[in-house]
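Participant: Sharing a structure here in structure tokens format.
Laboratory data are not the source of any read-out in this text; all were calculated from the coordinates shown. These numbers were taken from a predicted model, which means no experiment stands behind them. Quick reminder, even Gly has a Cβ in these numbers, built from the backbone with ideal geometry, and neighbours come from all protein chains shown.
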Amino acid sequence: MLIDTHAHLQDEQFDSDRGEVIARALAAGVERIINIGDTIESSARGVKLAADYPELYAAVGIHPQEAGQMQPSHEELLASWAKLPKVVAIGEIGLDYYYEKASRECQKEVFIRQLDLARQIHLPVCIHDRDAHGDLMAILAKEGKGLTGVIHCFSGSWEMARELVRSGWYIGIDGPLTFKNAAKLPEVVCQVPLERLLIETDSPYLAPVPMRGKRNEPAHVTHVARKAAELRQMPFEEFAAATTKNARNLFGLA
């Protein structure tokens, strides 16, 4: 069995067939899906979906691209949702210097505020990091004490991954592992201790080969897991069992 630890099934791209998407995931052996919020609105939808579907869990948070929209009242909302039994993380939070829809200083401030919230309520975090490796590592070194979580869709070097793992973080692996231009990611997947790897889809984005170019969905996490198992030269079933155990441990899943 597998767990997709990062999806966005609340996205409007799933409005017409969300139930069928979840059924396909279950048929493919994906027993749990964590729906990740990136705005207040999407977090609210994720919380509702987690209540509606037994296979779904939720994370709530504000994405760095939306950092400029963060209000004090939003922190109160996030904190209230975090008390719900099926809300298992704060996320998707972090830094994104590729689009920079919000200034870097604004992103850093909102990121740190949400890290502090996670610390107060004792939840792990799901971190977005795009073109911001240096600032991310600096912030985690200073503000990440007492926290754990996953660096979603990891895009850094093995050296960066090694430092994160030493500090207790997990590494999230997505569809780009299957791309021809995967660059450093195969080395990371081979070198990171198995007990620190998680598999994700980021549905509806980043569909893996052979589904690339199509809408991604949780059932496709099997392609990510098979590629990772192949790179590590280990049986698929063993890799699936290990990453499922990791997800249960990090997020406290039933």
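Participant: Residues with amide H under 5 Å of Tyr57's amide H, sequence separation 5 or more or different chain, H placed in the peptide plane at 1.01 Å from N; which?
Facilitator: Correct list: Ile33, Ile34, Asn35.
Participant: Ok, one more. Please compute the length gained on full extension between Ser167 and Lys48, using 0.36 nm multiplied by the number of residues separating them and subtracting their Cα-Cα distance.
Facilitator: Net length gain for the segment: 39.5 nm.
Participant: Please label the shape of the range 1-132 as rounded, prolate or oblate, based on the square roots a ≥ b ≥ c of the eigenvalues of the alpha-carbon gyration tensor (a/c under 1.5 means rounded; beyond that, a/b larger than b/c means prolate, else oblate).
Facilitator: Working: a/c = 1.99, a/b = 1.61, b/c = 1.24.
Prolate, since a/c reaches 1.5 and a/b exceeds b/c.
Participant: Let me ask you something else. Just want the ordering: Cys106, Cys190, from fewest to most Cβ atoms lying within 10 Å of their own Cβ.
Facilitator: Exposure proxy ranking, most exposed first: Cys190, Cys106.
Participant: Roughly speaking, what is the stretch gain from Tyr98 to Ala138, that is 0.36 nm per residue apart minus the C-alpha to C-alpha distance, in nm to one decimal?
Facilitator: Length gained, Tyr98 through Ala138: 12.6 nm.
Participant: Continuing with this model, one more query. Can you work out ³J(HN,Hα) from phi for every residue in the range 107-124, in order, using Karplus 6.51 cos²θ - 1.76 cosθ + 1.60 and θ = phi - 60°, giving whole Hz and x for Gly and Pro?
Facilitator: Karplus-based 3J(HN,Hα) across the range 107-124 equals 4, 4, 4, 5, 4, 5, 4, 6, 4, 5, 4, 4, 5, 5, 9, 6, 10, x Hz.
Participant: Taking only DSSP H segments of four or more residues, each worth -39500 (n - 2.57), what value at 222 nm results for the chain once the sum is divided by all its residues, to the nearest 500 deg cm²/dmol?
Facilitator: Result for the chain: -13000 deg cm²/dmol, rounded to the nearest 500.
Participant: For the range 193-241 and the range 15-31, what is the separation of their C-alpha centers, rounded to whole Å?
Facilitator: One Cα centre to the other: 16 Å.
Participant: Taking a ≥ b ≥ c as the square roots of the Cα gyration tensor eigenvalues, with a/c under 1.5 meaning rounded and otherwise prolate when a/b beats b/c, else oblate, which class fits the range 32-89?
Facilitator: Prolate, since a/c reaches 1.5 and a/b exceeds b/c.
Participant: Then there's this: Relative to the compact-globule scaling 2.2 N^0.38 Å, provide the ratio for the alpha-carbon radius of gyration of the range 104-254.
Facilitator: Working it through for the range 104-254, the quotient is 1.03.
Participant: Let me ask you something else. Would you mind giving the average projected area, over all directions, of the Cα convex hull of the chain in nm² with one decimal?
Facilitator: 12.0 nm²
Participant: Can you run phi through the Karplus equation (6.51, -1.76, 1.60; θ = phi - 60°) for the range 197-211 and list ³J(HN,Hα) in whole Hz, with x for Gly and Pro?
Facilitator: Calculated HN-Hα couplings, in order: 9, 10, 10, 9, 10, 6, 3, x, 9, 6, 4, x, 5, x, 9 Hz.
Participant: List, in order, the whole-Hz ³J(HN,Hα) value for each residue of the range 48-57 obtained from phi through the Karplus relation with A = 6.51, B = -1.76, C = 1.60 and θ = phi - 60°; use x for Gly and Pro.
Facilitator: Result, ordered by residue: 5, 4, 4, 6, 7, 10, x, 7, 9, 10 Hz.
Participant: Here is a further query. Only sites in a loop by DSSP and with at most 16 other Cβ atoms within 10 Å count here; which trypsin sites (Lys or Arg not before Pro) in the range 106-184 make the cut?
Facilitator: Of the trypsin sites (Lys or Arg not before Pro), the ones in loops of the range 106-184 whose Cβ has at most 16 other Cβ atoms within 10 Å are Lys145, Lys180, Lys184.
Participant: Moving on to the next point. Could you tell me whether the range 98-171 comes out rounded, prolate or oblate from its Cα gyration tensor? Rule is a ≥ b ≥ c as square roots of the eigenvalues, rounded for a/c under 1.5, then prolate if a/b exceeds b/c, otherwise oblate.
Facilitator: oblate
Participant: Hey, another quick one. Please report Val60, Val224, Val21 as a ranked list, fewest other C-beta atoms within 10 angstrom at the top and most at the bottom.
Facilitator: Details: Val60 35, Val224 26, Val21 20.
So the residues, fewest neighbours to most, are Val21, Val224, Val60.
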